[in-house]
1. Please list the three semi-axes, largest first and in whole Å, of the ellipsoid equivalent to the chain, using sqrt of 5 times the eigenvalues of its alpha carbon gyration tensor.
2. Take segment 147-253, compute every pairwise Cα distance, and split them into 5 Å bins from 0; I just need the percent in each bin.
3. Determine, for each peptide in 187-194, 53-60, 222-229, the mean count of other beta carbons within 10 angstrom over its residues, then list the peptides with the highest first.
4. So for each of 81-91, 171-181 I average, over its residues, the number of other beta carbons within 10 Å; can you give me the resulting order with the highest mean first?
5. Can you give the percent of C-alpha pairs in segment 164-211 whose distance is more than 16 Å?
6. Do any trypsin sites (Lys or Arg not before Pro) in segment 212-281 lie in a DSSP loop with no more than 10 other beta carbon atoms within 10 Å, and if so, which?
7. By its C-alpha gyration tensor, with a ≥ b ≥ c as the square roots of the eigenvalues, how is segment 200-281 shaped: rounded for a/c under 1.5, else prolate for a/b larger than b/c, else oblate?
8. Contour minus end-to-end for Lys38 and Arg174, with contour as 0.36 nm per residue of separation and end-to-end as the Cα-Cα distance?
Amino acid sequence: MSDLHSFELAATDGKLIRGDRAMGKDRQILFITGFLSKRWGNKSKALAQWCQEQGWGFCCYDVRGFGDSEGTFTDYSLSDWVADARTVLTMLTDRSFLTRPPQASSHPPAPSLQSQAPFPGDAPLPRVTIVGNSLGGWIAWLIAQEFEFVDRLILIAPAFNMMGVRATQIAPERRQAWQNTGWMPWDDDPLHKDWALSWKWVKESEAYWQTTFDRLRPVQTTILHGLQDTVILPDGSREFARLLLAKVPTYPIDLNLIPGDHRLSSPEHVERFHRLVLEQP
């Protein structure tokens, strides 16, 4: 496996999506972060290490308006972050990106990966597993329906219709103020209060949710959700699985509701996550 390299991809507005990529063979793992999360955290570091051990490729990135990517947070909404995932997945089909880039980046939190020969030009493209965390889980689901080479999804506490659900959970007067002013933070927690969300997030979230099951491919899908999750309630994953199986009773989905919170970061959770990643569809 080659070293970890940084990349920059121009989005439709010309702003740069920045991420990191390790070359590999047989399989590519794409990690999509949760809401207000940067690409390098405990889960992505673990995934990069496991990919190194298996000789697989690995990729993670920051959405526009957050982390290392360009743009202002308030200029973007759900449709833009779905488009960012589409741009990165399109890169994964481009053979020019499957060979070793000219220079490696030294990204401090990431593992050091060993060198290997460039991806052969006549070899079949590696299959892709997308691991999506929280809001990244729903984005992973939406984008996987578009790309034939994505054959596996691992969704960790997926936040289906995240902003639409949030709009129903807050007090009516606060929801009305959100609509009237057009802006509101996710909540008043110090982590979120300075990141204003436009009401457009709610409208787009509801619109995407209405079409979530309109275009279905049989992608092997595993959901891992903590029963004590108070950030994204596990009922959302239950309802998603129920609606999906009502539409396609044979759809390959495995719903795992387990003891744990939203982060699922205990050693037992990490080991379970590890086993899921190594399973082959």
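1. Working: eigenvalues 181, 97, 64 Å².
Semi-axes from the Cα gyration tensor: 30, 22, 18 Å.
2. 2, 10, 18, 21, 18, 13, 9, 7, 2, 0
3. 53-60, 222-229, 187-194
4. So the order, starting with the most tightly packed, is 81-91, 171-181.
5. Numbers: 413 of 1128 pairs.
Cα-Cα pairs in segment 164-211 separated by more than 16 Å: 37 percent.
6. For trypsin sites (Lys or Arg not before Pro) across segment 212-281 that sit outside H, G, I, E and B with at most 10 neighbouring Cβ atoms in 10 Å, the list reads Arg215.
7. Oblate, because a/c is 1.5 or more while a/b does not exceed b/c.
8. The Lys38-Arg174 span can extend by a further 46.1 nm.
Laboratory data are not the source of any read-out in this text; all were calculated from the coordinates shown. Values in this document were obtained by computation on a predicted structure and should not be read as measured data. Heads up, the Cβs are rebuilt from the backbone with ideal geometry, glycines too, and the neighbour counts pull from every protein chain shown.
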